[in-house]
Amino acid sequence: MEALPEFQLHRPGTLDEAVALIKAEPNARFVGGGTDLVVNMRRGLVETPALIDLNNVAEMQGIVSDGTGLTIGGAVTLDALENDEIVAHAFPAVAQAASEVAGPTHRNVATVGGNLCLDTRCIFYNQSGWWRESNDFCLKYRGEICHVAPKSKRCFAVFSGDLAPALLIQDATVSVAGSKGERQMPLRELYRGDGMDYLTLEAGEVVTCVTIPNSDLKSAYRKARVRGSIDFPLAGVAVGVAVKDGRITDLRAALTACDTKPFLVSGLDDFQGKPVNETVASDFGEIVQQQARPMRTTMSTPWYRRRVVARLARRLLLELGTS
């Protein structure tokens, strides 16, 4: 990696100040912990004249329960999220997903908003400058082709954030703010299926908080990775299930690192009324495997990633549905 280029650092104390700064300098970038952004700056993947540090923005702090659900500030650290007792009790998949991100020193500074807006990744993109240049760059950065799918005009860089699937199964919404004001949307609408233009945020917008409604789901998150810490997921799955009288009344699953965006698995309504057993869990895993669409964006084969995420989903259903 190269040394960081020179840039200005702004530390606003309010959301209005942060929005005013990005309006005055449209090429600036918002930063939380910087565990991904700063690395990309050192690789030469991100060029910006200024960073706007969000850690002192009061409106983006705190984890608050109001009786109908939970609101999590965009600048809340993953360490705080992982160790919050309310989150761990009511939404265990969310706490587990936070605990699975990188290592403890990363989680001490990495933020909720940063993980939800994590840049997409690819073995042809996340490399040193000389390596990328020797391969004529790629569609996501200064190149003309996607090395993953050379005949396609679409970038297949994969989304690898851990929090998104755990929040998707809980019907989470996000609040965003920018020069045009504030708005809310379902979390699933934050993402689009393009590795280059992967977020639906408008220029200068930032995720200020996430809201999760109360739920009776039992939930959990698991991921596969090369090393037991630090690594991004090769494939990750969050599963939520509600069981009454031994029968499934609600079943949800969401995947990460299996496509250019995190997504909810579809077609699970047919599992309502079925018992949780090996046969049902196997059928569930088969649906997950069919909808996982990893490409050659990591050192691991797409075949392996589809198989492993299906097995993780199957195990989680059995664990949650019989506990």
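Nothing in this text is a laboratory measurement; each read-out follows from the coordinates by a stated rule. Since the structure is predicted, the reported quantities are computational estimates derived from the model, not experimental observations. Don't worry about glycine lacking a Cβ; one is built from the backbone with ideal geometry, like all the others, and counts go over all protein chains shown.
Points worth noting:
- Note on the range 238-260: among residues that are charged (D, E, K, R) and in a loop (DSSP other than H, G, I, E, B), the one that is surrounded by the most Cβ atoms within 10 Å (Cβ to Cβ) is 259.
- Residue, nearest to residue 241 (Cα to Cα), within the range 282-299, restricted to residues that are buried (at least 18 other Cβ atoms within 10 Å of the Cβ) and touching a residue at least 40 places away in the same chain (Cβ under 8 Å): 288
- Residue in the range 193-205 that is of a type in the set (S, T, N, Q) and farther than 27 Å from residue 299 by Cβ present: yes
- Residue, farthest from the chain's Cα centre (by Cα), within the range 207-227, restricted to residues that are closer than 30 Å to residue 152 by Cα and in a strand (DSSP E or B): 224
- Scanning the range 132-165 for residues that are under 14 Å from residue 261 (Cβ atoms) and over 20 Å from the mean Cα position of the chain (by Cα) yields a single hit, 154.
- Conditions (1) loosely packed, with under 13 Cβ neighbours inside 10 Å; (2) touching a helix residue (DSSP H, G or I) at 6+ places or on another chain (Cβ under 7 Å): number failed by residue 88: (1)
- Among the residues of the range 55-85, those that are crowded, with 18+ Cβ neighbours inside 10 Å, in a helix (DSSP H, G or I) and in contact with a Ser or Thr (Cβ under 8 Å, 6 or more places away or on another chain) comprise 59, 60, 78, 82.
- The number of residues in the range 13-30 being of a type in the set (A, V, I, L, M, F, W, C) and in contact (Cβ under 8 Å) with a residue 40 or more places away in the chain comes to 5.
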